[in-house]
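Okay, structure first, notes after.
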Amino acid sequence: MNTATSDSPARPPLAARRRSLYLRVHCWAALVASPFLLIATLTGLLYVFVPQIEARLYGGLEHVAPAGGMLPLDRSVAAAQAAVPAGLAVRSVLPPFEADSPVRILFEPARAHEGHGHHHGASPPVTGARPLTVFVSPYDARVLGVQNTGERFSDWSKSLHSRLLQGEGWRWMIELGASWLLVMLLTGFYLWWPRPGRSGLPRAGKTGRAAWRQWHAFAGVALGLLSLVMVVTGITWSQYAGENVRKLRDAAGQQSPAVPRGLHSTPRPGAPPLDWQAAWSRARAAAPPVALSLAPPVDAIGVWRVTSVDRAAPTRRVDLVLDAWDGRVLYRAGWERQTAFGKATALGIPFHRGEFGLWNQVLLFMFGAGVLFSLLSGWVMYFKRARSGGLGLPALLPNAWTAASPLALLGGVALCALLPLLAVSAAVVLVLEVLVLPRLRTA
């Protein structure tokens with residue numbers, strides 16, 4: 001019978017080896033993600049206050065003093081058409097939902113078939129024409145101002161948050177940070193989970209790295225659910241992982257209802273088509289009380305397309321298609337027709353952007369402050385560990401790489417399959433662990 005000698009150390013318990021491995025993975029996740037998370041958090045904190053900032057910047061455009069009754073919508077559209085250069089066609093109109101709201105008319109470069117003029121008018125196409133948004137008072141059809149579409153502060157801050165004002169190819173940065181943040185959340189929750197007889201709450205009397213560690217863990221867990229919501233909602237519209245999410249959504253039959261092809265209007269001989277005011281009246285009669293956007297028909301058999309634009313009222317979401325001659329509803333899809341995935345994203349994405357009001361903004365500000373503290377405390381612990389020797393990574397117990405649970409392995413494979421940037425960067429980390437770090441330790 002073989003017995004262990006004093007020269008053959010005992011194999012560390014499985015729980016200790018597993019904790020050692022998850023702590024190492026957690027630290028790697030922080031090293032990879034924290035620069036991108038710092039950028040995402042700071043730019044996100046700026047984006048949270050877009051409503052207040054834009055109210056100061058564009059208050060003269062977005063608010064009017066009510067004065068009697070509103071003029072027919074066609075008067076505002078005509079005033080806007082007179083205020084823009086040639087080569088632009090009306091693409092959509094946002095009538096006022098509140099008494100102090102203006103009419104917003106969105107113009108885009110006219111297409112070739114629109115240059116011959118249909119019943120809503122368009123000047124011939126002009127090379128170099130830029131999209132514009134015109135703000136008009138609904139009470140006197142006075143043009144309040146003109147903006148380049150897509151160049152508001154909200155557009156700038158969104159571009160800063162998602163791709164640092166660069167092209168679409170830079171969106172990978174935030175996606176990479178979000179992917180590793182998910183790993184940080186899962187491993188961090190495991191590391192925090194109280195052992196028998198212990199509490200997960202911070203305890204008084206601890207100092208140094210131990211104090212930083214307990215507050216770091218507590219803050220991470222306290223923010224855990226909110227962090228998960230922010231990561232998941234952000235991933236749904238990311239570049240690479242978002243495409244995988246959409247494929248899974250479609251495979252599960254969870255895509256949003258689509259307008260059937262082939263819908264068309266039936267011209268009425270001797271009768272005029274609906275004008276803007278009539279189309280707006282028919283749309284309001286068929287829609288819940290919510291701000292609407294109207295897109296005009298492009299030809300005699302085209303249709304009016306109506307959609308809700310207030311993301312802060314997702315349960316009032318509606319899409320309508322109206323006959324251009326008699327206003328019959330050819331198609332309607334409201335909240336009740338949305339899939340479970342569609343409803344989840346309709347709630348989650350506006351929450352992610354702080355669009356549900358002041359309470360949403362305050363909650364996201366507190367979340368951002370908590371993330372900054374987690375990043376700061378994590379880096380403090382890292383440098384304290386690095387000062388004691390080594391690269392700052394927590395030491396691995398012998399055979400720690402074989403201690404991962406089957407569930408963790410399966411979850412890791414699933415995450416790498418769903419999040420391509422996580423898979424690529426995890427492969428780089430493995431190369432560093434297997435080929436580079438051992439040589440540095442023996443050098």
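Here is a yes/no grid of residues against (1) at pLDDT below 95; (2) out of contact with any Pro (no Cβ under 6 Å at 6 or more places or on another chain); (3) part of a helix (DSSP H, G or I); (4) under 30 Å from residue 181 (Cβ atoms):
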| residue | (1), (2), (3), (4) |
| --- | --- |
| 16 | yes, yes, yes, yes |
| 45 | yes, yes, yes, yes |
| 67 | yes, yes, no, no |
| 70 | no, no, no, no |
| 77 | no, yes, yes, no |
| 82 | no, yes, yes, no |
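Just need a number here: residues in segment 328-350 that are under 30 Å from residue 366 (Cβ atoms), open to solvent by 30 Å² or more (accessible area, probe 1.4 Å) and touching a residue at least 12 places away in the same chain (Cβ under 8 Å). Qualifying residue count for the region: 7.
Go through 340, 346 for me and flag whichever is farther than 20 Å from residue 48 by Cα and out of contact with any strand residue (DSSP E or B) (no Cβ under 6 Å at 6 or more places or on another chain).
Details: 346 fails: farther than 20 Å from residue 48 by Cα.
Step by step, each of 340, 346 is checked, and only 340 is farther than 20 Å from residue 48 by Cα and out of contact with any strand residue (DSSP E or B) (no Cβ under 6 Å at 6 or more places or on another chain).
Taking first residues from segment 393-404 that are polar (S, T, N, Q) and partners that are assigned to a helix (DSSP H, G or I), the Cβ contacts under 8 Å between residues at least 6 apart in sequence or on separate chains come to 399/17; 402/17.
When 271, 258, 285, 300 are screened for being small (Gly, Ala, Ser), without any contact (Cβ under 8 Å) to a residue 12 or more places away in the chain, over 20 Å from residue 103 (Cβ atoms) and open to solvent by 20 Å² or more (accessible area, probe 1.4 Å), only 258 passes.
How about segment 413-434: which of its residues are in a helix (DSSP H, G or I) and either open to solvent by less than 30 Å² (accessible area, probe 1.4 Å) or at positive phi (or both)? Don't jump to the end; show me each part of the working.
Step one: list which residues in segment 413-434 are in a helix (DSSP H, G or I), which gives 413-418, 420-434.
Residues satisfying the conditions are 422, 425, 426, 429, 433.
Residues checked against (1) among the small types (Gly, Ala, Ser); (2) more than 23 Å from residue 15 (Cβ to Cβ); (3) touching a Phe, Trp or Tyr at 6+ places or on another chain (Cβ under 6 Å):
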site	(1), (2), (3)
189	no, no, no
193	no, no, no
198	no, no, no
203	no, no, no
221	no, no, yes
239	no, yes, no
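Quick check on residue 353: is it within 16 Å of residue 230 (Cβ to Cβ) and crowded, with 17+ Cβ neighbours inside 10 Å?
Answer is yes for this residue.
From the list 268, 311, exactly one residue is farther than 26 Å from residue 355 by Cα, of a type outside the set (Val, Ile, Thr) and in contact with an Asp or Glu (Cβ under 7 Å, 6 or more places away or on another chain). Which is it? Lay out the reasoning, then the answer.
Working: 311 fails: farther than 26 Å from residue 355 by Cα.
None of the others qualify; the one that does is 268.
The values are calculated or read from the model by the stated rules, or taken from the named source; none is laboratory data. This is a predicted model, so every value here is computed, not measured. No Cβ is skipped: glycine too gets one built from the backbone with ideal geometry, and neighbour counts run over all protein chains shown. Accessible surface is based on the protein model in full, side chains and every heavy atom, while ligands, DNA and RNA are left aside. Shrake-Rupley method; radii C 1.70, N 1.55, O 1.52, S 1.80 Å.
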